[in-house]
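Down below is the structure, laid out as structure tokens.
The values are calculated or read from the model by the stated rules, or taken from the named source; none is laboratory data. Not measured: the values here are computed from a predicted model. With ideal geometry, Cβ positions are generated from the backbone for all residues, glycine too; neighbour counts draw on all protein chains shown. Accessible surface is based on the protein model in full, side chains and every heavy atom, while ligands, DNA and RNA are left aside. Shrake-Rupley method; radii C 1.70, N 1.55, O 1.52, S 1.80 Å.
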Amino acid sequence: MIPRTHTLKCLSIAGSQGPTNGDAHLQLFTIASYLCHQRSLPIMTTTQHACRKYFPALEQQPEVIYLDSASTTQKPSSVLAGMMEYYQRYCANVGRGNYTWAQKVTDGISSVREKVATFLHAHHVSEIVFTSGTTAGINTIAYAWGLHNLRSGDEILYCPDDHKANVLPWLHLQALLQRFGTIIHLIPYSIMPSGEIDYEGLRAKVSSKTRLITLTHIHNVFGALNDIARIRTLVGKEIVLSLDAAQSVGHLAVDVQELGVDFLSFSGHKMFAAPGTGVLWIHTRIHDQLAPFLVGGEQEIASPSGAGEAYLPVHEMPHLLEAGTLNIPGLLSLGKAIDFINDVTLTTIEQHGKTLTSYLLRHLQQLPEVIFLPGIAYSQRPLGYGILSFYFEGYTASELGFILSSHNIYVRVGTHCTRGRAAQQDSVRISLHVYNTTEEIDTCMAILQQLTNAR
Ligand SMILES: Cc1ncc(COP(=O)(O)O)c(C=O)c1O
């Protein structure tokens, strides 16, 4: 067993010029900006890891090295406390009553909606629809927008290498429409070895029939950041753009105005909040193109005034797309998660992610057994956002996962919910977040080095 100390080193963030060229540049890191803004947490100025302390599962199990944040992040104590406070002090439904607890819940959820709108730079709170996650968000786009706006001959551009949550809803929509005699076409576009979308290839696929392009901001296996604003410029203003931002929100500043998209989906549990929470942001300009696919609860439908007239839902956005009781504790935790991120600052999180990813890349590149999947390993600008995936010659991904797990190092193995290139063979994915350190990477690398030496 490789020994591990409790004094964890991180990379220098403050004043950093970006990823450094060598270990000589490593400095002890405290997340100064986070600490400065903390009201309830004690100031730390030492060499200890400044962030792990705020994540009880990590703090209470110091032997664990958690390298699977792209699956789900650990939860800070402030997020857990926010959920417990709801259950223990004012457990009532939202928007359903005028007694004190009900009002407090309603106000709390409104304030989370405002926080999310500010976080994304949305124009208005009516653009923020609460969902159960990215999957639910993209399905909502398919059925609330797609079912009501697509006609025979229309085309949707999609990437078969994306997470299945960004592929299957479109295939399902196509099959559903076909049952009612509407034939739409799904046109695939591809990804370059750098892990980024093939921008020119995508543009070449656009036709006068293209109605929607579905995109991913940061790929869940390849880890590259796509230039979404560039795609908007390439394809013009008319085509609807839907963005899967599951791996970017909470990792870097996401500004819906700058991106130029129409829909953006993400999951709360990948940015420190509870599972079963998410957001679908929808630009106001297409609100009049939406119809709900779930109805009930507090919603209402207009009475038909004449024979044959359909019952039409008459709710305003965002409630038009929020039938039924929301995940109240989960959404309250999303508000707390945004507070946490704002305290740490997105700049710090992004810089830490980039620096750690390039550190990990440099070390993995030294092992001849490592074969990278598409991503920053093949990029001219190897700027990572916390995700690296690879095969390790001589071991299956599953074997490697077991070996690492036996050393309390938790990574993801498999096909990572994809059905394209990354699904051809199981791989190992390491994903990092603000609580990870270079020392943790060193420990992981020492295990891999032992496997190399044993061959
Ligand atoms: C890029 C991407 N899209 C969609 C999803 C699905 O997210 P959820 O399961 O939270 O709906 C994930 C989850 O891993 C993802 O990484």
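The solvent-accessible area of THR182, taken with every protein chain present and a 1.4 Å probe, is close to 30 Å². Legend: translational diffusion of the stretch 72-133 by Stokes-Einstein, Rh = Kirkwood radius over C-alpha pairs, 10 °C, 1.306 mPa s; D = 121 µm²/s. Annotation: extensible slack from ASN453 through LYS53 equals 140.5 nm (criterion: 0.36 nm per residue apart, minus Cα-Cα distance). For THR396 and GLN103, the FRET efficiency from 1/(1 + (r/R0)^6), where r spans their Cβ atoms and R0 equals 60 Å, is about 0.60. Packing, taken as the mean count of other beta carbons within 10 Å per residue, orders the peptides 410-417, 428-435, 127-134, 151-158 from highest to lowest as 428-435, 127-134, 410-417, 151-158. Each of SER208 and SER111 was given a label point 7 Å from its Cα along the Cα-to-Cβ line. The distance between the two points is 5.4 nm. Beyond 23 Å, the tail of the calculated P(r) for the stretch 325-455 holds 41 percent of the Cα pairs.
If you sort THR452, THR214 by accessible surface, 1.4 Å probe, largest first, the order is THR452, THR214. Placing MET271, MET317, MET84, MET192 in order of accessible area, with the largest value first and a 1.4 Å probe, yields MET84, MET192, MET317, MET271.
Sorting the segments 235-242, 364-371, 109-116 by their residues' average number of neighbouring beta-carbon atoms within 10 angstrom, most packed first, yields 109-116, 235-242, 364-371. Put a dot 7 Å past the Cα of ASP288, heading toward its Cβ, do the same for ALA92, and the two dots end up 3.8 nm apart.
Rolling a 1.4 angstrom probe over the protein heavy atoms with all chains in place gives the chain an accessible area of 42 Å² per residue. Taking the convex hull of the alpha carbon positions in the chain and averaging its projected area over all directions gives 23.7 nm². Within the full protein context, the accessible area of LEU176 is estimated at about 50 Å² for a probe radius of 1.4 Å. Projecting the alpha carbon convex hull of the stretch 82-340 along each direction and taking the average yields 14.7 nm². In this structure, ASP198 and LEU80 have a Cβ-Cβ separation that, at R0 = 51 Å, corresponds to a calculated FRET efficiency of about 0.75. Of all lysines in the structure, the ones whose alpha carbon falls short of 21 Å from that of LYS270, not counting any fewer than 8 places away in one chain, are LYS53, LYS75, LYS115, LYS164, LYS336, LYS354. Computed with a 1.4 Å probe over protein heavy atoms only, the accessible area of ARG230 comes to about 100 Å².
If only the Cβ of Lys and Arg carry +1 and only the Cβ of Asp and Glu carry -1, the dipole of the chain around its Cα centre is close to 180 debye. The eigenvalues of the Cα gyration tensor, multiplied by 5 and square-rooted, give the stretch 69-191 an equivalent ellipsoid with semi-axes of 37, 19, 13 Å from largest to smallest. Note on GLU369 and HIS124: their simple-model spin labels are 5.8 nm apart, each label 7 Å out from Cα toward Cβ. Just from its helices, what would the mean residue ellipticity at 222 nm be for the chain, if runs of 4 or more DSSP H residues each count -39500 (n - 2.57) and the sum is divided by every residue, rounded to the nearest 500 deg cm²/dmol? That calculation yields -10000 deg cm²/dmol at 222 nm.
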